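What follows draws every value from the coordinates through simple rules; no lab data is involved. Small disclaimer: the values here were computed from a predicted structure and weren't measured. For neighbour counting, all protein chains shown are included, and Cβ atoms are generated from backbone atoms with ideal geometry for every residue, glycine included.
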Amino acid sequence: MERKVCVFICSGCGISEAFDVSKVEEASKEATPRPAVVKVDPCLCGDDGFLAMSKVIEEEKPTHVVIGACSQRLFQDRFSWNGVFVERVNLREHCAWSHEPQDVGTLELAQDLMRMGIAKCGKAEMPEPHVEEPSETVLVIGGGISGMTAALYAADAGYGVVLVEKDDKLGGFARNIYKTYPSAPPYDKVAENPVSGLIERCETNPRIKVLLGTTIDEISGAPGKFSVKAGGKEFMVGAIVVATGFRPYDIKKLTHLGGGVLPDVVGSDKFEEMLMKGDVRRPSDGREVKKVAFIQCAGSRDKEHLPYCSGTCCLTSLKQANLFVNSGEDKEAYIVYKDIRTPAQHERFYEAMQNDPRIMLAEGTVKGVMKSDGVVRVEVENSPTLTNMQIDADLVVLALGKVPNSDGPILNLTYRKGKELPTLKYGFPDSNFICFPYETERTGIYTCGCVRQPMDMASCMEDAAGAAMKAIQCIYATSRGAAVHPRAWDMSFPEFFLQRCTQCKRCTEECPFGTLDEDAKGTPMPNPTRCRRCGVCMGACPERIVSFKDYSVQIISDMIKAIHVPEEFEEKPRYVGFICENDAYPALDLAGLNHLKYSPLVRFIPVRCLGSVNRVWIADALSRGIDGVLLIGCKFGDDYQCHFIKGSELCNKRMENVQEDLNRLALERERIKLVQLAINDYQKLPQIVNEFVESVNALGMNPYKGF
Amino acid sequence: MEVGMERLECSPDVAFTKEVIANGGVDLKKCYQCATCSVVCPLAPDKNPFPRKEMIWGQWGLKERILADPDLWLCYACGDCSVQCPRGAKPGDVMGALRRTVVSYFSFPSFLAKAVQTQRWFLFLLLLPAVLFYGLLGLGQDFGWAEFARVTFEDGGLKFDRFVPHWLIYSVFFPASAFVVLAFAVGGWRMWQRWAGNGEEPKQAGLMESLKDVILHRRFDKCDEGRWRFLGHLGIFYGFVFLAITTAATIVMMYGFGQNPPLSFSPSHFVDGLLWKIIGNFGALILIVGTWLAIQKRLNAKDQVSHFCDYAFLGVIMAIAVTGLGSEILRLLATGTRSAGLGKAAYLTYYFHLVFVFYLIFYAPYSKMAHIVYRTLALVFARSRGRIA
């Protein structure tokens, strides 16, 4: 189809005060293929401006529209016309609001930004979605509180559920819990365990198929069409919820607290069983227990054992202490803790339990637990007020932390990148803890409950609802051919020009989501519904054979080439900045919104992720006389903020290889800089940009100008 | 090792905790050991400050540590901590409850302490001197109830020693006072021994500075909350001091100069009469005002838990002041009018006055009054060990 581009420039919101809009209009006309339609309006987002623009589009029937106005993050719904590719050029936040008005640099920036936007339309096309008819069944793995709740939520929403439980009964860990601490007002009394009700509802729900005593043999396929082999059956599911829960930390590893050494030192799980039986006796001699000492954080928040807080042990011990002291005459409970952590309303429970004179609490470090004359002696030290106290108890309970049941075999995926979910540092399978709960590094597979994060029953149930909704969202998005997360609106997907593939395996290796499988030769086998559209494969490919309809190596190269690079003798340096759309772009918007001023010499190009930056763009830019390249992406490392997990980190690694290109061009290393930026660090942007510009200016002009 | 942080083997004792709660520390268990109380306390020493540690010792029923803790008495119960406590644990009131508990443990005989601190025994204990005096006043025909029946106005008007002869007062109050001194000596000795139990040697003498604290209310004055409480205590303290001066002067007049009380109100007898009358009556007035302030403070305090002992103590003081002043006024009125009815009223008021005075003095080692000895001792102890400057 014939390409036709219409260009609209908004002069409102201070844009016309910042530069001469007619000169930008002129530059746009020059850049636009004939017959050029370039319109200027004082307020494109207003009803008059929008109707006028729509009318032009209706009459001219363009394939592409370039709108030079505010940030692309605004008016996405309004500035959209069926079948028309819309490119947004940020003349407001990234130009008019963040540079000196009427400065020639500001005008030149605006002209370049328009040229780049128009150039993008040279190759970019409206994506056509890859649609597959998905299975409308959710597979839930794990029949505990979380798994059963997820199953019920998915079933209630009208989806079929297959609930797989390895045990021969539903209930999971919760089946061994006698009573729970409260999760409803007034939060001050021990409550009934909800597990039996959930079991009954799952067993009687016609949409839920429960497979007991079953584990997963194999899962292949992709979101929408996972093929599952389990318990001798084979079936299709659209999405998967993993709710495999936790196990208490191994008490035998806590020898310093008498764990596994003294018979009268038991874990909180064992103590719960005793309470459930209604008969708390010393395992060593069967004597009735009158005094119980609880040791909190037993192996938790401890570098040698579990470095994290499991979040529920304090409340569990308070609950157990309550149940215990009320189980007979003259019973006493002692709780020694690092900090009592009873978040939110649970403070009420803490207060209520604390008010019982038979339950005694103190901060302190346990120095040792030893056997002493028919009792177990707990030596406490470093207590601010109970220094060197000794507590003699009949039984010692170690409040054990939670270890996620994430160490397979659980899923047995046939993915090229491994059978199980990748985990973060403490063994929790998660993809980005803060921003995207439930989301794992495998699209369409969601975790909830204690396998994802230590939590209590009430939180597990809430979490399960979230994961069930994500699974449903995945099935729905897949049915439309849209990305699930985080580019939830995106219909594009990567296409591989396989004739030129050299089987280097970089794309299959570097995709953080295991999207690409490989054939025997190492040729990538795409699974579009697993893809998150980050473009890491595109950035990885040395042959540049990976491209999206609206985002490719060629498209960005064209944008770079559209930048007007003044001759060396004009002494006007030019820079290209690749900015991550997820954090750096909105951060630049915020800087503009706050009217922070920075050098107008940098032409920012939004990228889906720094991981999609292909080395060739940098070579292209430098060989065309661009003086330097600035890359701004998300934080990487253990506490990464990259929306695609490894994108910015991969980019950083690849930049080390760019050294070769620089050597070939005989250019300085300092001309390329990668900066990690969080969205709330927008105040730092002027300093980042200015320092980069000044440091490269000091190197002198790029000698390739004018070639 | 610091005072209060000595290595002690002790075990949790829930019975002791319950005792402290019953003694007025009702919110003891609410404490979650944030130490706000110790931070805001204007009197707590920098090292091992109170009352946080006392709060947790109380919660765990660590009786041995509480009993060996002189810091209990360094607190003046101003209530700064109770006002600032984020949990409403009212450390100020808990400290009071702990003091009460400690007094009951150390005092001799301890059953008497238990009785004095128990509400249902209050009337019985008050009835004791009432019956005692009632009986003694019926022993002869030339005094007591016989005099009450006839009311003599000869020889300078109504005289109380016709109703209650001096020998009768002496025969009751001398043994009672001796007993009180003994009880305080035993209690103070036991307490001091326990404080000194950690073997820390005295660094300096502390008596003179501690007496200055008491007389000038220096430490009391550091408390932020309850300015009125400070003034109330000042009134009660100096009320008693002035009354004691007048009593001493009267004894000197009686046995040194052969005067027969009551002393004269005449300006011509200034040094041997009027001066002491003025001091005594002023003392009674500030005692009434001070006690009134203290009662008001308690009634209006929302952040404070008042134990029965608090009101019993203030009530008895008020009763002493009112019956004392009342019997004086009634005596003067009766003398002026020669009215037998007023004479009887004066005698009866005086009778009650003696009953209340007996209550205050005889039960002093067990009531709130005990702080007069134990707090002073604690100040001396803490100063001698360098705990306070």
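What the table shows:
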item: Separation of alpha-carbon centers, the stretch A:10-62 and the stretch B:13-72, rounded to whole Å; result: 76 Å
item: C-alpha center-to-center spacing [the stretch B:270-341, the stretch A:299-365] in angstrom; result: 52 Å
item: Neighbouring partner chain Cβ atoms per residue of A:348-360, average, 10 Å criterion; result: 4
item: Hits among lysines - C-alpha to C-alpha of A:LYS521 under 19 Å, sequence gap 8 or more where chains match; result: A:LYS417, A:LYS505
item: Straight-distance crosslink candidates among lysines, where the alpha carbon sits under 21 Å from B:LYS159 and sequence neighbours closer than 8 are dropped; result: B:LYS277, B:LYS344
item: For the stretch A:212-254 and the stretch A:105-170, distance of Cα centres in Å; result: 20 Å
item: Amide H partners (placed H, <5 Å) of A:LEU44, local residues excluded; result: A:SER11, A:GLY12
item: Likely footprinting exposure, B:TYR105, B:TYR255, fewest C-beta neighbours within 10 Å first; result: B:TYR255, B:TYR105
item: Relative exposure of A:GLU200, A:GLU125, judged by other C-beta atoms within 10 Å (fewest first); result: A:GLU200, A:GLU125
item: Value at 222 nm in deg cm²/dmol, rounded to 500, when DSSP H runs of n ≥ 4 in the protein assembly as shown each add -39,500 (n - 2.57); result: -13000 deg cm²/dmol
item: Among beta bridges that DSSP assigns inside the protein assembly as shown, antiparallel share in %, nearest 5; result: 35 percent
item: Cα-Cα over 32 Å, subset of A:LYS55/A:LYS572; A:LYS419/A:LYS470; A:LYS120/A:LYS705; B:LYS47/B:LYS212; A:LYS55/A:LYS705; result: A:LYS55/A:LYS572; A:LYS55/A:LYS705
item: Most to least packed among A:223-236, A:135-148, B:375-388 [average Cβ atoms within 10 Å]; result: A:135-148, B:375-388, A:223-236
item: Residue exposure sequence - B:TRP189, B:TRP276, B:TRP292 - by fewest surrounding Cβ within 10 Å; result: B:TRP189, B:TRP292, B:TRP276
item: Largest-first principal axis extents of the Cα set of chain B (Å); result: 70, 40, 40
item: 5 angstrom amide H check on A:VAL140, placed H, neighbours 5+ away; result: A:VAL162, A:LEU163, A:VAL164, A:VAL241
item: Compactness index (Cα Rg / 2.2 N^0.38 Å), the protein assembly as shown; result: 1.38
item: Principal semi-axes in Å for the stretch B:14-106 [√(5λ), Cα gyration tensor, largest first]; result: 18, 14, 11
item: Other-chain or far-sequence residues with amide H under 5 Å of A:LEU674's (modelled H); result: A:LEU631
item: Set A:LYS425/A:LYS653; A:LYS169/A:LYS189; A:LYS225/A:LYS549; A:LYS225/A:LYS635; A:LYS291/B:LYS222; A:LYS189/B:LYS53 screened for pairs whose C-alpha atoms are more than 32 Å apart; result: A:LYS225/A:LYS635; A:LYS291/B:LYS222
item: Karplus-derived 3J(HN,Hα), 6.51/-1.76/1.60, for each residue of the stretch A:55-66, Hz, glycine and proline x; result: 5, 4, 5, 4, 6, 7, 6, x, 8, 10, 10, 10
item: Bridge type composition, the stretch A:251-402 - antiparallel percent by DSSP, nearest 5; result: 40 percent
item: For residues of A:174-181, the mean tally of beta carbons on other chains within 10 Å; result: 0
item: Cβ-placed point charges (K, R +1; D, E -1), dipole of the stretch A:251-402 about Cα centre in debye, nearest 20; result: 400 debye
item: Potential extension, A:GLN76-A:ILE679 segment - 0.36 nm per residue separation minus Cα distance; result: 215.0 nm
item: Per-residue mean of C-beta atoms belonging to partner chains within 10 Å, peptide B:53-61; result: 4
item: Principal-axis tilt of helix B:207-216 within chain B, Cα atoms, nearest 10 degrees; result: 70 degrees
item: Crossing angle, helix A:685-699 versus chain A [Cα axis fit, 0-90 degrees, rounded to tens]; result: 50 degrees
